[in-house]
Structure formats: C-alpha cells, structure tokens
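Contents: one structure, followed by commentary.
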Amino acid sequence: MQDAIENLEDTRDLEESEVLTGDRIFDIATFEQKVVLLYRCLSAFLDPTIEPPTLTNVIEAAAYFPFAFLQMRFGDEIYLEKEGLNEEESLKYFYRNLVWRGFEKYLLSNWQAGQEEFGFDEELDTFHSHSDNLSLWHTVVDELVDRIFWDRDWALTSNHPEVLDGIEEELSKPLGLDNYFTNRLPQVTLEQEEVAINEIRNWKLSASTE
C-alpha cells in the first residue's frame, strides 16, 4: 500500500491512472479521494477494532487497488531484469520476493496437491521466487485476492455501466447487491488527505498482524 500511494503521487498529473481496478467510479477519483478511500480500507484490514466501511463498489475497488498495483509492478520488474536495467540486487526481485512469502504460506500446498491429483505440470513445477513467468505471477495475485473477495462485483461497472443507475430489485437481492453500487465519491479536505498519507507512510504492523 505504501508503494501504491507513492505511485499515485508520482502519476497524479496523468490523464489516466497507471493502475486500474475496473471500477469506473474509483478509477476516475482524484488523488485525494483515492488516498482517503485506501486509508479507510487499510485501517479496517489491519486493525480489527475499526469498523469496516459500508460495502460498495468503490470501497471494494479501493481494497483491491494494491493488488492491481502489484500486478503492474510484476511486469515492470520482469522487464527491467530481462533488459539488465535493474542493477540493485535488493530491488531486482523485490515484488516477487514479497508475494512469494504469501504464496508459500497460503497457496503452495494447494498447488502441490493439484499437481498430485491432476498430474504433473512443468510450468507450475518450475515456478520459483525469481520466475519471469508473468502469467503465473498474475495467477498468484488473483488467488490471493480470492482469499479476501468472494467475487469482483465492482468490475461490473466497467462492462455494464448501467448498474450505476440502479439495479432491478429482483436481481439485486438474490445477488446480494442491494445498495451496493454507488456513483458517489467522498468529499475530502486537505487535512483528511494529509492524515491519510501520513498514517499509511508511517504504518507499523504489530507482531500479531504480521
């Protein structure tokens, strides 16, 4: 999240964000609005005493944003490695090493079980923490995302923008989307923006959270 905020700052003057979540509303939000939304999500993720924000397409897109940022960074990191442009060893595999830890903890055993049940797959068997297989890294992030989100309803706003005008009751309730879609973004003060950025930059994980 800290790196994602830095990227937002560096690209805040671009007409279109480098990192897209698939939600039309979040993706067109201002830098200030995105920072505050990201802070609300991060706070609720890391501190169980904080009540989570009301679930909407915008809030879920904000929670997903760091994962979309990771997928972009994989592409950059692998490209720089192949071109020999990243000489600092600590940065050469930074994002791959970061995600590999989560992969080992939450996904690796399932992948190994799948190999045993469905047969050997050389592509999966040779996957490692410094792999340049971008497709597999994207799959890893997608599977980590699936541990948090049941689905990706927020992305419906890109393919079906009409849902922002309201969804029929006979569809919204069975799908659990009643009052889910919104086209509203928070009004943000300079003070709120500064607090959000400072808190994210200086966030220290407790031992239990880590």
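A few notes on this one:
- Scanning the range 108-147 for residues that are within 23 Å of Lys92 (Cβ to Cβ), of a type outside the set (Ser, Thr, Tyr) and open to solvent by less than 40 Å² (accessible area, probe 1.4 Å) turns up Phe127, Asn133, Leu136, Trp137, Val140, Val141, Leu144.
- Residues within the range 40-51 that are open to solvent by 40 Å² or more (accessible area, probe 1.4 Å) and modelled with pLDDT of 90 or more, tallied: 4
- Among the conditions (1) open to solvent by 10 Å² or more (accessible area, probe 1.4 Å); (2) of a type outside the set (Lys, Arg); (3) over 19 Å from Pro161 (Cα atoms), Ile5 misses just one, which is (1).
- When Glu88 is tested against (1) more than 17 Å from the chain's Cα centre (by Cα); (2) surrounded by 14 or more Cβ atoms within 10 Å (Cβ to Cβ), exactly one condition is not met: (2).
- Every condition in (1) more than 16 Å from Met72 (Cβ to Cβ); (2) touching a Leu at 6+ places or on another chain (Cβ under 8 Å) holds for Cys41 except the one numbered (2).
Matching residues to (1) touching a Lys or Arg at 6+ places or on another chain (Cβ under 6 Å); (2) within 29 Å of Ser129 (Cβ to Cβ); (3) touching a residue at least 24 places away in the same chain (Cβ under 8 Å):
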| position | (1), (2), (3) |
| --- | --- |
| Pro48 | no, no, no |
| Leu55 | no, no, yes |
| Val58 | no, no, yes |
| Leu91 | no, yes, no |
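- Only residues that are part of a loop (DSSP other than H, G, I, E, B), open to solvent by 20 Å² or more (accessible area, probe 1.4 Å), modelled with pLDDT of 90 or more and farther than 14 Å from Tyr64 by Cα were counted across the range 12-33, and they come to 2.
- The residue that is least open to solvent (accessible area, probe 1.4 Å), counting only those in the range 148-166 that are charged (D, E, K, R) and closer than 14 Å to Tyr180 by Cβ, is Asp153.
- Of the helices (runs of 4 or more DSSP H) lying entirely inside the range 114-167, the ones with 3 or more residues being in contact (Cβ under 8 Å) with a residue 24 or more places away in the chain are found at 134-146, 156-159.
- Phe118, sole failed condition from (1) out of contact with any Asp or Glu (no Cβ under 7 Å at 6 or more places or on another chain); (2) closer than 19 Å to Met72 by Cβ: (2)
The values are calculated or read from the model by the stated rules, or taken from the named source; none is laboratory data. Quick caveat: nothing in here was measured; it's all calculated off a predicted structure. Neighbour counts run over all protein chains shown; Cβ positions are idealised from the backbone, glycine included. For accessibility, only protein heavy atoms count, side chains too; no ligands or nucleic acids. Shrake-Rupley method; radii C 1.70, N 1.55, O 1.52, S 1.80 Å.
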